[in-house]
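Step one of this worksheet: look at the structure below.
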Amino acid sequence: MRARQFPGVRSNSLATRLFLSATAWVVVVLLITGVVLSSVYRSASERAFDRRLNLYLRTLIAEVTAPDEPADHQFQSLGEPLFDLPLSGWYWEIDRSDPDKKEARASRSLWDNKLPKLEDQGIELSLSGVRVGYVDGPEGQALRMVERPVDLGADGKFRVAVAGDASEIFDESRTFDYYLGGTFAALTIGLLFTTIFQVRFGLAPLKRISDAIADIRSGRAERLEGEFPVEIAPLARETNALIDANRDIVERARTHVGNLAHAVKTPLSVIINEASAHERDPFAAKMLEQAEMMRNQVAHHLERARMAARLTVVGTVTDVAPVVEALRRTMEKIHRDRDVAIDVGVSPAAKFCGERQDLEEMVGNLVDNACKWAHSRAFINVSVRPPSGAEPAMLRIIVDDNGQGLSDAERLQASQRGRRLDETKPGSGLGLSIVTDLAALYGGRLTLDTAPIGGLRAELLLPAV
């Protein structure tokens with residue numbers, strides 16, 4: 001049957017591999033980019049926050065180093081009201097580092113608390129002589145803090161520190177991450193749809209070739225037609241060349257089979273005619289018997305060669321109903337003297353994946369055999385068996401008669417080449433064996449059983465379209 005499904009829904013398809021690899025790279029690249037941008041933005045936020053803290057720090061250091069400043073001098077608010085608001089999250093602190101002096105001053109916002117020392121946390125001085133880091137402030141607040149030691153010589157050593165509420169950095173970074181994540185999620189979805197489109201568009205020529213080959217196999221076309229991309233065009237050319245070569249080989253095989261048939265049958269006919277003229281001679285009778293056997297054998301093997309050659313032709317489909325109806329009319333005329341009625345039931349969807357003459361030969365042999373042995377009636381029923389597991393759709397052709405039927409041993413004997421159960425019936429005895437061999441070449445099979453109406457049932461399974 002023609003494949004309608006776009007190639008790539010299966011895990012081992014080229015389309016799936018391209019889609020998954022592109023998706024993986026998109027996700028990895030966007031994740032790495034997101035992490036880098038988030039880190040860069042947070043670093044930029046910290047630098048901006050640190051510049052603000054360093055401004056306050058330099059102002060405090062200028063106050064500390066001012067000459068003739070009384071010890072009880074009250075520092076200004078540094079232009080930030082939050083330094084005067086208790087536990088606001090913004091603090092400054094100045095204390096002396098001299099062992100013999102423990103003087104300390106701090107912003108009103110610090111209340112009676114102390115700021116942790118970055119030196120105690122192992123943070124080293126930067127090249128500018130400042131320590132920067134995160135600390136826990138009063139009531140568990142997360143603070144961003146800058147700290148600098150100041151040596152005034154004879155006036156003593158001081159530690160000046162300024163801390164600000166780090167939640168500003170965290171909140172800005174979190175908001176940026178939220179918008180960044182939303183943007184990248186939308187970008188990922190857009191890129192995935194773009195990838196799907198690119199894969200479908202890029203592999204469309206392969207799908208077109210697949211559909212064209214299916215058309216060739218089903219008989220709707222003879223060659224791959226149309227323009228293909230430069231990467232696919234060699235495949236199309238080689239496929240067409242293979243189809244042409246296949247047809248040439250089949251045609252030559254048919255010619256050779258025909259030549260062989262004429263070359264062998266003519267001498268055999270001469271031998272049979274000469275032996276028939278001396279029928280009373282025992283030697284001539286024996287020669288006639290052997291010549292008949294030779295003719296049957298030659299006919300059988302030539303027929304098999306002809307069938308094998310014909311089966312190599314690609315893309316032939318046969319409607320079953322017209323063939324069966326034509327056979328019914330023909331067989332009723334042939335067996336008119338026996339007054340055998342043939343009933344037919346054929347599914348309109350029944351199509352044989354093969355040549356018409358092969359179907360006529362197989363079904364014709366079965367119907368002819370049924371009419372020879374039927375008392376009064378024969379039945380032909382054709383249906384389509386749907387695909388099951390690994391087995392494709394099959395034609396189920398049943399031919400029944402109401403004759404005397406066959407035993408198990410007789411059914412086995414009847415399917416053997418050239419074996420006849422009744423010499424009074426006309427024919428060579430090759431009919432059922434030819435059907436069996438031809439069905440096997442098509443991937444089908446013939447089985448014999450007892451018909452519900454009492455005679456023989458022949459059930460033939462053949463590939464369907």
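The values are calculated or read from the model by the stated rules, or taken from the named source; none is laboratory data. Predicted model, so just to flag it, every value in this text is computed and none were measured. Positions of Cβ are backbone-derived with ideal geometry, glycine not excepted, and every protein chain shown enters the neighbour counts. Each accessible area value is taken on the protein alone, full model and side chains, heavy atoms only, with ligands, DNA and RNA left out. Shrake-Rupley method; radii C 1.70, N 1.55, O 1.52, S 1.80 Å.
Within segment 224-252, count every residue that is of a type in the set (Lys, Arg) and open to solvent by less than 90 Å² (accessible area, probe 1.4 Å).
In the first step, residues of segment 224-252 are kept if they are of a type in the set (Lys, Arg); the result is 237, 247, 252.
Restricting the remaining residues to those that are open to solvent by less than 90 Å² (accessible area, probe 1.4 Å) gives 247.
Going through segment 224-252 one residue at a time, the tally reaches 1.
Each row is one residue, and each column tells you yes or no for (1) farther than 18 Å from Glu93 by Cβ; (2) among the aliphatic types (A, V, I, L, M); (3) within 58 Å of the chain's Cα centre (by Cα).
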residue: Leu127; (1), (2), (3): yes, yes, no
residue: Gly153; (1), (2), (3): yes, no, no
residue: Gly156; (1), (2), (3): no, no, no
residue: Ser173; (1), (2), (3): yes, no, yes
residue: Gln198; (1), (2), (3): yes, no, yes
residue: Phe201; (1), (2), (3): yes, no, yes
residue: Ala214; (1), (2), (3): yes, yes, yes
Can you name every residue in segment 437-465 that is within 15 Å of Glu361 (Cα to Cα) and not in a strand (DSSP E or B)? Asp437, Leu438, Ala439, Ala440, Leu441, Tyr442, Gly444
If I filter segment 200-220 for residues that are open to solvent by less than 40 Å² (accessible area, probe 1.4 Å), among the hydrophobic types (A, V, I, L, M, F, W, C) and over 19 Å from Ser13 (Cβ atoms), do I get at least one hit? yes
Could you grab me the full set of residues in segment 131-144 that are open to solvent by 50 Å² or more (accessible area, probe 1.4 Å) and of a type in the set (A, V, I, L, M, F, W, C)? Val132
Segment 84-130, residues that are open to solvent by 70 Å² or more (accessible area, probe 1.4 Å), at pLDDT 85 or above and touching a strand residue (DSSP E or B) at 6+ places or on another chain (Cβ under 8 Å): Lys114, Lys117, Glu119, Gln121, Glu124, Leu125
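Filter segment 325-369 down to the residues that are in contact (Cβ under 8 Å) with a residue 60 or more places away in the chain, of a type in the set (A, V, I, L, M, F, W, C) and part of a helix (DSSP H, G or I) and list them by number. Steps first, answer last, please.
To start, the set of residues in segment 325-369 that are in contact (Cβ under 8 Å) with a residue 60 or more places away in the chain comprises 350-354, 358-359, 361-363, 365-366, 368-369.
Next, from what is left, pick out any that are of a type in the set (A, V, I, L, M, F, W, C): 350, 352-353, 359, 362-363, 366.
If the condition is that a residue be in contact (Cβ under 8 Å) with a residue 60 or more places away in the chain, of a type in the set (A, V, I, L, M, F, W, C) and part of a helix (DSSP H, G or I), then Leu359, Met362, Val363, Leu366 are the ones that fit.
Looking only at segment 116-146, which residues are assigned to a strand (DSSP E or B) and touching a Gly at 6+ places or on another chain (Cβ under 8 Å)? Walk me through it before giving the result.
Narrowing segment 116-146 to residues assigned to a strand (DSSP E or B): 131-136, 142-146.
The answer is Leu143, Arg144, Met145.
Tell me which residues, restricted to segment 218-277, are charged (D, E, K, R), part of a helix (DSSP H, G or I) and more than 27 Å from Asp319 (Cα to Cα).
Step one: list which residues in segment 218-277 are charged (D, E, K, R), which gives 220, 222-223, 225, 227, 231, 237-238, 244, 247-248, 251-252, 254, 265, 274.
Filter again for part of a helix (DSSP H, G or I), leaving 237-238, 244, 247-248, 251-252, 254, 265, 274.
Hits for segment 218-277 are Arg237, Glu238, Arg252, Lys265, Glu274.
Could you tell me whether segment 30-47 includes any residue that is more than 21 Å from Leu180 (Cα to Cα), open to solvent by less than 70 Å² (accessible area, probe 1.4 Å) and either at pLDDT 90 or above or among the small types (Gly, Ala, Ser) (or both)? Break it down stepwise before answering.
Filtering segment 30-47 down to residues more than 21 Å from Leu180 (Cα to Cα) leaves none.
For segment 30-47, residues more than 21 Å from Leu180 (Cα to Cα), open to solvent by less than 70 Å² (accessible area, probe 1.4 Å) and either at pLDDT 90 or above or among the small types (Gly, Ala, Ser) (or both): absent.
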